[in-house]
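Below: one structure, written as structure tokens.
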Amino acid sequence: MWDIHMRILAEAEYIVKTNSTVRACANHFGISKSTVHKDVTERLEEIDKKLFENVREVLDKNLSERHIRGGLATKSKYERARKNFS
């Protein structure tokens, strides 16, 4: 049981420290996005309430900026395609 607690705390600290997304955290730890999401949105609250609140702030910020990152990625994709085409 303590291994799970340590994993959850490590994921949460990584997200807060790096302002990373759930996807980036999952890639960093080599686990699924679903596991990270469940860990930091459900399980963490029972372990460390303050850390949970900090993670929630980062995740809410990432959610509000998601459409911007998507638009920038699409713009970059088409700029690369235009350079390769010409």
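The values are calculated or read from the model by the stated rules, or taken from the named source; none is laboratory data. This one's a predicted model, so the numbers in the text were calculated from it and none came from an experiment. Please note: Cβ atoms are built from the backbone with ideal geometry, for glycine as well, and neighbour counts cover all protein chains shown.
Brief remarks on what is shown
- Contacts under 6 angstrom Cβ, first residue in region 24-35 being closer than 14 Å to ASN62 by Cβ and at pLDDT 95 or above, partner in a helix (DSSP H, G or I) and of a type in the set (Lys, Arg), 6 or more apart: ALA26/LYS33; LYS33/ARG23
- Tally of residues being polar (S, T, N, Q) and surrounded by 10 or more Cβ atoms within 10 Å (Cβ to Cβ) across region 64-86: 2
- Considering region 19-49, the residues that are assigned to a helix (DSSP H, G or I) and within 9 Å of the chain's Cα centre (by Cα) include one that is surrounded by the fewest Cβ atoms within 10 Å (Cβ to Cβ), namely ARG23.
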